[in-house]
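Q: I'd like to ask you about the structure that follows.
The values are calculated or read from the model by the stated rules, or taken from the named source; none is laboratory data. The shown structure was predicted, so the numbers you read here are calculated from the model rather than taken from an experiment. For neighbour counting, all protein chains shown are included, and Cβ atoms are generated from backbone atoms with ideal geometry for every residue, glycine included.
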Amino acid sequence: MRGDGRTAIRGGTGVLYDIGWMNSNFIEDATGGPPFSTQSRVNNAPTLAFPLVFPPEGVGTTLRTLDWNAEQPYLVEYTLSLDQELPGNIALAVAYAGSKGYQLPTMEEGNPRVPTILADGTYFWPEDAPRVNPAWADVLWKSSNSETTYNSLQLSLMKRMSHGVQFQSAYTLAKMTSNNINAQLNGDQGGSGAAFKPNPYEDDPGPVQWDVRHLWSFNAIYNLPDPSSGNAWLSGWQVSTIVTLKSGFPVTPDVNIPWTNANGLARTGVDRPNVVPGVNLADITKGVSRGCDGLEAGTPVGTPDLWYDPCAFTKPAKGFEGDAPRGSIRGPGFASVNLSVVKNITVGDSRRLQFRAEVFNVFNRANFALPDNGVFQGRTEIEAPLSNAGRIFALVTEPRQLQVSARFTF
């Protein structure tokens, strides 16, 4: 850029097409529906008894099908970067990277119940709200009406090996959203899925499930200088490390049992609660709980036992959709530090003995999985939050591990 070969500006764009997303969907829907097979479902079934008999209205009324007019998904990617060489064999890179996905595969209820539109435009589903097509029950509808948007700032500082030191540091500030909860970027959906829009008649915008707002990684190698004494046991040492820090994934609060009945009784974990007026959702994983029925005020949150405050939510009236946004809770962050120490011993002209000690998760940090997102059971008009709401049951990394090895090269 300046004529000295130390500064460069790079940019690029591309359009990527997915040609294979319908593979298993065609097979699944062709073989999983009439006339090859039928599906039957009974909600609130009585005590199981044999022979098992389905009531006539529930026999063969559930479908899995594919949008006949589904379009080919594609992704538009674009980047712009500034690279600058710095003294000391160090390079700095500042980049913007983004993408926009169009016509992405998604799954939704293809035969929702018909709402009553109130004077203010609010949707309301009565208990006896009919299906769009009363001849069928649940219809798993696979289409291509989802979109994603990704924007990121990427910073990188890299030092090439000199004076025994090499390192690379990279930070990404990013945001990725979609208009539907289960927009697919990997093409082939497969399976039947479990996530649906709470209101089948409108988009459900929010962060994608794998959205990571902050990500920093660092790795370094340091070759300890050989002593002037020439002592073989004090030379040939190398220390390296890898550090990873990232913010948590988004979590969507829900009501376990269908509360609006918009998608039908089979679509569990779809409906959402309301946010208590005055609550800042950015604060519900910090400090203490505001308190509500079944949970004492002042209970610490942001812990494995209570990651978020379930008292920040309340149930909407029966038949109305909740206003809690998709991805309105952020799960636990992730931090990991790995370290290795290597000793190289030269044996003769072409043989080398290497001893290596590696420690994974040096600080023995507990990296927690996502919390339970079921806030209410959804059986009665008035009920306390579930006892497991906000509770974390698993880890995503192992405890500290030490590994020792030796290698002889000849």
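Q: So A282 ticks every box in (1) farther than 25 Å from P205 by Cβ; (2) not in a loop (DSSP other than H, G, I, E, B) but one. Which box is left unticked?
A: A282 satisfies all of (1) farther than 25 Å from P205 by Cβ; (2) not in a loop (DSSP other than H, G, I, E, B) except (1).
Q: If I345 satisfies every condition in (1) within 30 Å of E127 (Cβ to Cβ); (2) loosely packed, with under 15 Cβ neighbours inside 10 Å; (3) in contact (Cβ under 8 Å) with a residue 24 or more places away in the chain but one, which is the exception?
A: The failed condition is (1).
Q: Something else about it: What are the residues in region 306-362 that are closer than 30 Å to F408 by Cβ and among the polar types (S, T, N, Q), if any?
A: To start, the set of residues in region 306-362 that are closer than 30 Å to F408 by Cβ comprises 337-362.
Within region 306-362, N338, S340, N344, T346, S350, Q354, N361 qualify.
Q: Please name all residue pairs, on different chains or six or more residues apart, with Cβ atoms under 7 Å, provided the first residue is in region 247-260 and is farther than 28 Å from R213 by Cα and the second residue is of a type in the set (A, V, I, L, M).
A: Final answer for the pair search is P258/L265; P258/V270.
Q: Kindly indicate whether any position in region 80-100 is in a loop (DSSP other than H, G, I, E, B) and either in contact with a Phe, Trp or Tyr (Cβ under 6 Å, 6 or more places away or on another chain) or under 24 Å from R379 (Cβ atoms) (or both).
A: The first filter runs over region 80-100 and keeps only residues in a loop (DSSP other than H, G, I, E, B), leaving 87-89.
Okay, now just the ones that are also either in contact with a Phe, Trp or Tyr (Cβ under 6 Å, 6 or more places away or on another chain) or under 24 Å from R379 (Cβ atoms) (or both), so none.
Scanning region 80-100, I find no residue that is in a loop (DSSP other than H, G, I, E, B) and either in contact with a Phe, Trp or Tyr (Cβ under 6 Å, 6 or more places away or on another chain) or under 24 Å from R379 (Cβ atoms) (or both), so the answer is no.
Q: Does S328 satisfy the criteria of being modelled with pLDDT of 95 or more and either of a type in the set (A, V, I, L, M, F, W, C) or surrounded by 17 or more Cβ atoms within 10 Å (Cβ to Cβ) (or both)?
A: Criteria not met by S328.
Q: Moving on to the next point. When the residues of region 302-325 are filtered to those that are within 26 Å of Q209 (Cβ to Cβ) and of a type in the set (A, V, I, L, M), which remaining residue is surrounded by the most Cβ atoms within 10 Å (Cβ to Cβ)? Lay out the reasoning, then the answer.
A: Just the residues of region 302-325 that are within 26 Å of Q209 (Cβ to Cβ), to begin with: 302-316, 320-325.
Remaining after also requiring of a type in the set (A, V, I, L, M): 306, 312, 324.
Details: L306: 20, A312: 28, A324: 24.
Per the criteria, the residue is A312.
So that you can scan it fast, the table gives a plain yes or no per residue for (1) aromatic (F, W, Y); (2) part of a strand (DSSP E or B); (3) touching a residue at least 24 places away in the same chain (Cβ under 8 Å):
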site: A357; (1), (2), (3): no, yes, yes
site: A366; (1), (2), (3): no, no, yes
site: D372; (1), (2), (3): no, no, no
site: R379; (1), (2), (3): no, no, yes
site: A389; (1), (2), (3): no, no, yes
site: T397; (1), (2), (3): no, no, yes
site: S405; (1), (2), (3): no, yes, yes
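Q: Consider R352 carefully, then state whether it is modelled with pLDDT under 95 and assigned to a loop (DSSP other than H, G, I, E, B).
A: Answer is no for this residue.
Q: Something else about it: I'm trying to understand the selection: among the residues of region 131-172, which are free of Cβ contacts under 8 Å to residues at least 12 places away in the same chain and assigned by TED's automatic domain parsing to the domain that holds Y201?
A: The one that is free of Cβ contacts under 8 Å to residues at least 12 places away in the same chain and assigned by TED's automatic domain parsing to the domain that holds Y201: P134.
Q: So which residues in region 85-109 are surrounded by 15 or more Cβ atoms within 10 Å (Cβ to Cβ) and at pLDDT below 95, if there are any at all?
A: Listed by number, the residues that qualify are G101, Y102, Q103, L104, P105, T106, M107, E108, E109.
Q: A follow-up question, please. In region 56-77, which residues are exposed (fewer than 14 other Cβ atoms within 10 Å of the Cβ) and modelled with pLDDT of 95 or more?
A: Answer for region 56-77, where residues must be exposed (fewer than 14 other Cβ atoms within 10 Å of the Cβ) and modelled with pLDDT of 95 or more: just V76.
Q: Something else about it: Would you mind stating whether I382 is over 25 Å from P205 (Cα atoms), of a type in the set (A, V, I, L, M), exposed (fewer than 14 other Cβ atoms within 10 Å of the Cβ) and modelled with pLDDT under 95?
A: yes
Q: Taking the criterion of being more than 22 Å from the chain's Cα centre (by Cα) and without any contact (Cβ under 8 Å) to a residue 40 or more places away in the chain, would at least one residue in region 303-316 satisfy it?
A: Yes - at least one qualifying residue is present in region 303-316.
Q: How many of the residues making up region 327-349 are among the small types (G, A, S), within 22 Å of the chain's Cα centre (by Cα) and assigned to a loop (DSSP other than H, G, I, E, B)? Please lay out each step first, then the result.
A: The initial filter retains those residues of region 327-349 that are among the small types (G, A, S), namely 327-328, 331, 333, 335-336, 340, 348.
Adding the requirement that they be within 22 Å of the chain's Cα centre (by Cα) leaves 327-328, 331, 333, 335-336.
Within this subset, residues satisfying the condition of being assigned to a loop (DSSP other than H, G, I, E, B) are 327-328, 331, 333.
Qualifying residue count, region 327-349: 4.
Q: Identify the single condition in (1) of a type outside the set (K, R); (2) surrounded by 18 or more Cβ atoms within 10 Å (Cβ to Cβ); (3) under 23 Å from the mean Cα position of the chain (by Cα); (4) at pLDDT below 95 that V139 does not satisfy, given that it satisfies every other one.
A: Here V139 clears every test but (3).
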